[in-house]
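Q: Before anything else, here's the structure in question.
The values are calculated or read from the model by the stated rules, or taken from the named source; none is laboratory data. If you're wondering where the values come from, they're calculated on a predicted model, not measured in any experiment. Here the Cβ positions follow ideal geometry from the backbone for every residue, glycine too, while neighbour counts run over all protein chains shown. The protein model used for the area step is the full one, side chains on, heavy atoms only, and it has no ligands, DNA or RNA in it. Shrake-Rupley method; radii C 1.70, N 1.55, O 1.52, S 1.80 Å.
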Amino acid sequence: MYKLKLIIRYLVRRRITHFAVLTVALCVFIVVVVMTVMNGLVEEFKQKNHDFVGDCVVGTKSLVGFPYYEELMQALEATACVEAVSPVVKNYALLRPQYGGDRYVELLGIDPVRHSRVTNFAQTLYYRAADPAKAFVPVYEPNALGCVLGIDLALWRDARSEYTFDATPQRAAFSLTCFPLNARGAPAMAGTTVVSSQQFYYSDNSHSGIARVDDSTVYIPLDQAQSLCMAGERKRITAVHIRFRAGAELYGGCEQVRRLWSQFRQARADAPDGRLLDTVTVESWKEHRRAYIAPMEKEETLMSVMFSLVGITTVFIVFVVFYVIVSHKTKDIGVLKSVGASSASVMGLFSGFAFVVGLLGSVAGIAAGWLFLAYINRIEDWLYSRFGFQLWDRTIYAIGEIPHEVEFHVLAVIAFCAIVACLIGALVPAWGAARLRPVETLHGSRS
Amino acid sequence: MGERPVILKAERLHKSYRMGATRVSVLKGVDLAVEQGQFVAVIGASGSGKSTLLHLLGGLDRPNEGTVSFDGQDLNRMRSWELNRFRNEMVGFVFQFYHLLDELDVLENVFLPTMVSRGIVGWLATRKAARERALKLLEQLGLQDRARHKPYQLSGGERQRVAIGRALMNEPRLLLADEPTGNLDSTTGNGILKVLERLHQAGQTIVMVTHDERVARRAQRVITLADGKVKT
Ligand SMILES: Nc1ncnc2c1ncn2[C@@H]1O[C@H](COP(=O)(O)OP(=O)(O)O)[C@@H](O)[C@H]1O
Ligand SMILES: [Mg+2]
């Protein structure tokens, strides 16, 4: 019983324990904020990539593409775990606005309705979000060929990551130019030259939230892409994107698709242009986008390592604080032992004290972190309006708000680590203290 | 002498301390017997090993050689938990520098020995009785108005009386006092000695060590410690 009483008194009366609690709280605060923001950014980025790609991709890096995709899609649609499939042609093109200038873009030829069943394409549109079938129909020129521009190709983003939309898309025409390739991978003659061009009108923009996609992608109808970029007897595409049914497991689904694909490919090994199937791979969305996701995850890992170091520092600070406290309290230890307290009991006193310090520090740190995160966007807004300072420059980073969703299990882990850190930090001095013979602590010291 | 039973007996006590490479022998075969109800003073020069002897008698430290027995029981043979219990129930210590806990008030310091031996539930059950006993002790020591004060608010003499209250809390059969007046002026020290005399009259067994002959004379029996041995 005396332990509880003394723990409370040590906590309330000793200034140094206030510092110990404050130290723990600060470390917990920093870790909570950084982990939440980093974790939020990475999760958000992954989600956007998932939304952009669908669950699984059967595709090739070759610009020549592969044939027999209609049969492949039929076979896929007959598979239990598959909900929807979408054929895609991916290529590079030269974009020339009417009034001159040019730039390279990534071309995505899609069927907007099918693609919207596999990805969130429809939701990324502004004017045709409710009716993706009309994504490539310009309102101002309903019979003309339309194209959807990645939003950063079409609109300016201001410093707060916001776009100014017109009520209807502005009238604008572009020509897209490609080198069509035949089935052997050689440039095909399109009329008298080796390039083919086509004029498109701006019909809508697409905001996927992935900066690399939004500032370089132009979406056009699938058949247009096929005739712009490919030549040959059999129609070809470069990828089939797949969405699995709700509840289907990602890796299990991909495995099923992989098996189906290898049978499909074997059956057509000797068919005309069958060798084009050799370059095709089956990837989950994570594998398909790993070149973009991996650096983010690396960054997160790096952060975790750095903040583990912060954690080690906490252990050390707590150790020092407890060392000081215990050396101030050796007389108490002697007194307690002289009235019959056991070594284990003294050890319990200081471990309990450390536990309470860790607990209070964690609670305070988490509360502060939670509060800070709840207001982090308002704080950033205020900093921006007052000093023009932005944590994440929105002209570079395609994020809206700073993530601030606090995850309960993350908090629990952080609090647990903080308390363990305190216990470790206190263990050594507490053990030393408990071992002290009362005689050594009482000898001649004054009160 | 001799009509009362011996409750504390020390035989051939040896104690040495390591000081770097050398060993310093402090006690070199001390023999001592204390009868129940006796008030014994051990006198010796500073550094002669009085505190060391007292710590051995109270089970705060173990001798290198020799035995201490209390009521016929050998302290050397006790397990550590038995020794803790012995210190808690059988012995009360009074130190030269009082050694009160700064974070506890006077009343809490007095009932500390009872609190130490009880868990939360046990303490809740005995708290009332313990508080009453502590208050009664404070009253006997003339400190009834000081129960809620902190040690730093008290004078030296008052602190020492609180320490005596703490030592008596569990009604120990043996009271050990290590220069209880050593840090006090003579008037205040006299007050403390009067308290001890009163306790002695009430039947308390007391062993007090001091370097001061005038203090030692207040006891019933005086033993001199010199060269690590009891002088006869
Ligand atoms: N824990 C210890 N370690 C080393 N030397 C000690 C220790 N305790 C006491 N001594 C030494 O033993 C001798 C006797 O000390 P002590 O018993 O305190 O004497 P007294 O109480 O008579 O003044 C002194 O020389 C002291 O320095
Ligand atoms: Mg001494």
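Q: Have a look at B:VAL30, B:VAL34, B:VAL26, B:VAL42 and point out the one that is within 8 Å of ligand 1 (Cβ to nearest atom), of a type in the set (Val, Ile, Thr) and surrounded by 16 or more Cβ atoms within 10 Å (Cβ to Cβ).
A: Exactly one residue qualifies, and that residue is B:VAL26.
Q: Listed residues A:VAL89, A:VAL64; which is crowded, with 20+ Cβ neighbours inside 10 Å, assigned to a loop (DSSP other than H, G, I, E, B) and not aromatic (Phe, Trp, Tyr)? Can you show your working first?
A: Values: A:VAL89 fails: assigned to a loop (DSSP other than H, G, I, E, B).
After applying the criteria, what remains is A:VAL64.
Q: Among what's in segment A:234-267 and is of a type in the set (S, T, N, Q) and crowded, with 19+ Cβ neighbours inside 10 Å, pick the residue that is nearest to A:GLY109 (Cα to Cα).
A: Ranking the candidates gives A:THR238 first.
Q: Please pick out the residue among A:VAL85, A:VAL53 that is touching a helix residue (DSSP H, G or I) at 6+ places or on another chain (Cβ under 7 Å), assigned by TED's automatic domain parsing to the domain that holds A:THR177 and modelled with pLDDT of 95 or more.
A: On the way: A:VAL53 fails: assigned by TED's automatic domain parsing to the domain that holds A:THR177.
Unique residue meeting the criteria: A:VAL85.
Q: Residues A:ASP270, A:ASP278: which one is over 30 Å from A:TRP392 (Cβ atoms), open to solvent by 70 Å² or more (accessible area, probe 1.4 Å), assigned to a loop (DSSP other than H, G, I, E, B) and without any contact (Cβ under 8 Å) to a residue 24 or more places away in the chain?
A: A:ASP270
Q: Could you give me the residue pairs with C-beta distances under 9 Å whose first residue belongs to segment A:402-425 and is open to solvent by less than 40 Å² (accessible area, probe 1.4 Å), whose second residue is not in a helix (DSSP H, G or I) wherever it lies, and which are 6+ apart or on separate chains?
A: From segment A:402-425, the pairs are A:ILE402/A:LEU391; A:ILE402/A:TRP392.
Q: Check every one of the strands (runs of 3 or more DSSP E) wholly within segment A:129-228 and list those with 3 or more residues that are within 26 Å of the chain's Cα centre (by Cα).
A: A:146-150, A:217-221
Q: Quick one: would you say B:VAL24 is within 16 Å of ligand 2 (Cβ to nearest atom) and part of a strand (DSSP E or B)?
A: yes
Q: Can I ask one more? State whether the residues of segment A:122-136 include one that is open to solvent by 50 Å² or more (accessible area, probe 1.4 Å) and within 21 Å of A:VAL240 (Cα to Cα).
A: yes
Q: I'd like the residue in segment B:45-85 that is within 12 Å of ligand 2 (Cβ to nearest atom) and surrounded by 15 or more Cβ atoms within 10 Å (Cβ to Cβ) and, out of all such residues, is farthest from the other protein chains (Cβ to nearest Cβ). If you could, list the steps in order and put the result at the bottom.
A: Let us first name the residues in segment B:45-85 that are within 12 Å of ligand 2 (Cβ to nearest atom), namely B:45-55.
Of the ones still in play, those that are also surrounded by 15 or more Cβ atoms within 10 Å (Cβ to Cβ) are B:48-55.
Numbers: B:SER48: 15, B:GLY49: 12, B:LYS50: 12, B:SER51: 7, B:THR52: 8, B:LEU53: 12, B:LEU54: 10, B:HIS55: 5 Å.
Once the filter is applied, the top-ranked residue is B:SER48.
Q: For segment B:90-203, list the helices (runs of 4 or more DSSP H) that sit wholly inside it and hold at least 3 residues that are within 14 Å of another protein chain (Cβ to nearest Cβ) and open to solvent by less than 10 Å² (accessible area, probe 1.4 Å); which are they?
A: B:106-116, B:120-140, B:156-168
Q: I would also like to ask the following. What tally of residues in segment B:204-228 results from selecting those that are of a type in the set (D, E, K, R) and surrounded by 16 or more Cβ atoms within 10 Å (Cβ to Cβ)?
A: 1
Q: For segment B:209-227, how many residues meet the condition of being touching a helix residue (DSSP H, G or I) at 6+ places or on another chain (Cβ under 7 Å) and either within 14 Å of chain A (Cβ to nearest Cβ) or within 14 Å of ligand 2 (Cβ to nearest atom) (or both)?
A: Counting residues in segment B:209-227 that are touching a helix residue (DSSP H, G or I) at 6+ places or on another chain (Cβ under 7 Å) and either within 14 Å of chain A (Cβ to nearest Cβ) or within 14 Å of ligand 2 (Cβ to nearest atom) (or both) gives 4.
Q: Answer yes or no as to whether A:ARG114 is open to solvent by 20 Å² or more (accessible area, probe 1.4 Å), in the same structural domain as A:HIS241 (by TED's automatic domain parsing), in contact with an Asp or Glu (Cβ under 6 Å, 6 or more places away or on another chain) and not hydroxyl-bearing (Ser, Thr, Tyr).
A: For A:ARG114, the condition - open to solvent by 20 Å² or more (accessible area, probe 1.4 Å), in the same structural domain as A:HIS241 (by TED's automatic domain parsing), in contact with an Asp or Glu (Cβ under 6 Å, 6 or more places away or on another chain) and not hydroxyl-bearing (Ser, Thr, Tyr) - is not met.
Q: Still on this structure, please answer the following. Can you tell me which residue is nearest to A:ILE16 (Cα to Cα) among those in segment A:303-354 that are crowded, with 22+ Cβ neighbours inside 10 Å and of a type in the set (Phe, Trp, Tyr)?
A: Within segment A:303-354, the match that is nearest to A:ILE16 (Cα to Cα) is A:PHE322.
Q: Given (1) of a type in the set (A, V, I, L, M, F, W, C); (2) in a strand (DSSP E or B); (3) open to solvent by less than 40 Å² (accessible area, probe 1.4 Å), where does A:ALA75 come up short, assuming only one miss?
A: Checking A:ALA75 against (1) of a type in the set (A, V, I, L, M, F, W, C); (2) in a strand (DSSP E or B); (3) open to solvent by less than 40 Å² (accessible area, probe 1.4 Å), the one that fails is (2).
Q: Does segment A:137-168 hold any residues that are open to solvent by less than 50 Å² (accessible area, probe 1.4 Å) and among the hydroxyl-bearing types (Ser, Thr, Tyr), and which are they?
A: Passing the criteria: A:SER161, A:TYR163.
Q: In segment B:66-107, which residues are under 18 Å from B:LEU13 (Cα atoms) and within 16 Å of ligand 1 (Cβ to nearest atom)?
A: B:GLY66, B:VAL68
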